[in-house]
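What follows is calculated from the coordinates using simple rules that are stated; it is not laboratory data. Because the structure is a prediction, the values reported are computed rather than measured. Every residue, glycine as well, gets a Cβ built from its backbone with ideal geometry; the counts of neighbours run over all protein chains shown.
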Amino acid sequence: MGRREKPEFEQKLLNLARVTRVVKGGRRFRFRATLVIGNRKGMVGVGVAKGSDVSDAIQKAFNDAKKNMVTIELAGSTISHDVSAKLGAARVLLKPASEGRGIIAGGAVRSVVNLLGVKDIVSKSLGASNPLNVARVTVKALLQLKAPRVPKAVAPTEAVAAKSE
């Protein structure tokens, strides 16, 4: 038996909905998939697509998420500072947490930060609860992060002996 290769990105399906288009002859159904992908090493993407069947919609959403992939610099297992963002009616607050605290987030925010590779974070989602908008605003907030500051190495100075008179 051949061993399966580990996929480049992990994926999490946020929402799968049956959508309807009304035409003269009746209703036409399609499926809309909302998907988050990430490598748990600082890359994450959100994709949404429609297809005639579920697997087609998920595959198209995966390709869309790959196109919308962003890279975010992390500070160890958390983020470097507090950030917040607003997109439409959805608003998200993200705060760094001490090591071992875990991911304190719900729904779409949890999926995005988990697939990004963050292990400790505190978040609050306000306003709209639509998974697509919450996932997009979470990525928007993460893009506001500045690179974590590392203190510069200071060259040692020589001690000068005091002259005794």
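For segment 44-57, a residue qualifies if it is in a strand (DSSP E or B) and either more than 15 Å from the chain's Cα centre (by Cα) or aliphatic (A, V, I, L, M) (or both), and the qualifying residues are Val44, Val46, Val48, Ala49, Lys50, Gly51. Would you point out the residue of segment 109-141, among those that are touching a helix residue (DSSP H, G or I) at 6+ places or on another chain (Cβ under 9 Å) and of a type in the set (S, T, N, Q), that is surrounded by the most Cβ atoms within 10 Å (Cβ to Cβ)? Only one residue tops the list, namely Thr138.
Among the residues of segment 9-32, is any touching a strand residue (DSSP E or B) at 6+ places or on another chain (Cβ under 6 Å), of a type in the set (Lys, Arg) and either at positive phi or touching a residue at least 60 places away in the same chain (Cβ under 8 Å) (or both)? Within segment 9-32, one or more residues are touching a strand residue (DSSP E or B) at 6+ places or on another chain (Cβ under 6 Å), of a type in the set (Lys, Arg) and either at positive phi or touching a residue at least 60 places away in the same chain (Cβ under 8 Å) (or both).
Read through the list (1) over 19 Å from Leu13 (Cβ atoms); (2) without any contact (Cβ under 8 Å) to a residue 40 or more places away in the chain; (3) small (Gly, Ala, Ser); (4) surrounded by fewer than 18 Cβ atoms within 10 Å (Cβ to Cβ), then give the number of the only condition that Gly106 fails. For Gly106, the failing item is (1).
Can you tell me which residue among Lys66, Lys41, Lys60 is out of contact with any helix residue (DSSP H, G or I) (no Cβ under 8 Å at 6 or more places or on another chain), in contact (Cβ under 8 Å) with a residue 24 or more places away in the chain and in a loop (DSSP other than H, G, I, E, B)? Break it down stepwise before answering.
Working: Lys66 fails: in a loop (DSSP other than H, G, I, E, B); Lys60 fails: in a loop (DSSP other than H, G, I, E, B).
Every option except Lys41 fails the conditions.
Please specify each residue of segment 77-103 satisfying the condition of being of a type in the set (D, E, K, R) and buried (at least 17 other Cβ atoms within 10 Å of the Cβ). Selection gives Arg91 alone.
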